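Read the structure below first, then the notes.
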Amino acid sequence: MLKSVFNYIKKFVISKKKVYDELDSSATNETNKVILNKNLILKNFYNDCYQIFKGEIENSDQLKILEIGSGAGFIKKFIPHVITSEIIELEGVDLTINAERLPFPDKSLDVIILLNVIHHIPNSEKFLSECHRVLKYDGQILLIEPANTWFSRIIYKNFHHEDFDENGGWHLKKNGGRLSNANQAIPYIIFERDLKIFKEKFPGFNLIKKYKFKPVHYVFSGGFSYKPIFNSQLFLKIIRIIEFILYPFNNFLGLFMFIKIKKIK
């Protein structure tokens with residue numbers, strides 16, 4: 001019943017799904033840049049996420065900051081000195097790196113930022129171990145990732161090409177590309193379901209902040225796969241009003257969660 005209702009709503013909010021022949025290619029990244037520039041609602045979703053990251057970092061111009069999985073994003077407009085990176089070579093991205101083997105000396109970074117990325121990394125445990133190695137004492141990992149809520153499960157399991165398996169493990173089950181291979185439930189698995197295990201595996205980390213947010217913004221933007229029918233400042237204001245009203249219910253409705261981890265030893 002709910003799926004039928006959402007399919008009906010979808011017809012009036014977003015148009016036909018875009019099809020990418022090579023989702024993992026560099027060409028898709030250029031296409032995504034074009035989409036971001038044209039899609040006001042989606043671009044403001046990114047703006048809001050980057051503002052959250054910026055607000056968590058003091059004196060960012062004096063710190064060594066790495067963003068992993070930069071893709072088509074534009075974080076440098078908010079944090080100009082950030083080092084951007086991707087697993088494949090992309091125009092406008094500073095480094096080509098593998099998140100499981102970070103090319104930095106021990107205790108050399110102050111902040112590591114990920115926006116919708118950790119659920120694409122094949123071995124999250126290796127990645128977190130690398131983060132602990134390269135971060136300075138008091139260094140931070142800042143993440144915005146898919147949340148596991150009543151509403152998000154409906155959206156991610158029925159309207160998104162990526163897997164959402166909340167019963168899975170920390171590693172991706174199959175091989176695949178940087179965008180096509182994913183389990184959107186991995187942030188929930190590590191930082192909620194298996195939080196005790198995370199603390200045992202990584203006693204040098206402390207999860208100091210976590211909250212769920214944005215129940216409708218990304219849905220109404222259409223993301224990178226759909227084109228929104230309503231793409232205006234007025235519609236953006238309506239979205240913000242809706243999310244303000246829904247704020248008390250974010251733990252049940254939020255599609256995303258912010259996570260802040262600090263290296264304590």
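The values are calculated or read from the model by the stated rules, or taken from the named source; none is laboratory data. Because the structure is predicted, anything quoted here is derived from the model rather than measured. FYI the Cβ positions are ideal-geometry reconstructions off the backbone, even for glycines, and counts take in every protein chain you see.
Exactly one residue among 127, 104 is among the aromatic types (Phe, Trp, Tyr), assigned to a loop (DSSP other than H, G, I, E, B) and either at pLDDT 95 or above or surrounded by fewer than 19 Cβ atoms within 10 Å (Cβ to Cβ) (or both), and that residue is 104. Working carefully through the options 214, 227, 199, find the one that is free of Cβ contacts under 8 Å to residues at least 12 places away in the same chain and either under 19 Å from residue 142 (Cα atoms) or touching a strand residue (DSSP E or B) at 6+ places or on another chain (Cβ under 7 Å) (or both). One residue alone meets the criteria, 199. All told, residue 200 meets the bar of being more than 22 Å from residue 251 (Cα to Cα) and either surrounded by fewer than 19 Cβ atoms within 10 Å (Cβ to Cβ) or among the polar types (S, T, N, Q) (or both).
For residue 155, indicate whether it is β-branched (Val, Ile, Thr) and at pLDDT below 95. Yes, satisfied.
Of all residue pairs spaced 6 or more apart or on separate chains, those with beta-carbon atoms under 6 Å, a first member in the stretch 243-265 that is under 16 Å from residue 152 (Cβ atoms) and a second member that is hydrophobic (A, V, I, L, M, F, W, C) and exposed (fewer than 14 other Cβ atoms within 10 Å of the Cβ) are 252/150.
Comparison of 65, 88 shows that the only residue that is at pLDDT 95 or above, of a type in the set (A, V, I, L, M, F, W, C) and either in contact with a strand residue (DSSP E or B) (Cβ under 6 Å, 6 or more places away or on another chain) or surrounded by fewer than 19 Cβ atoms within 10 Å (Cβ to Cβ) (or both) is 65.
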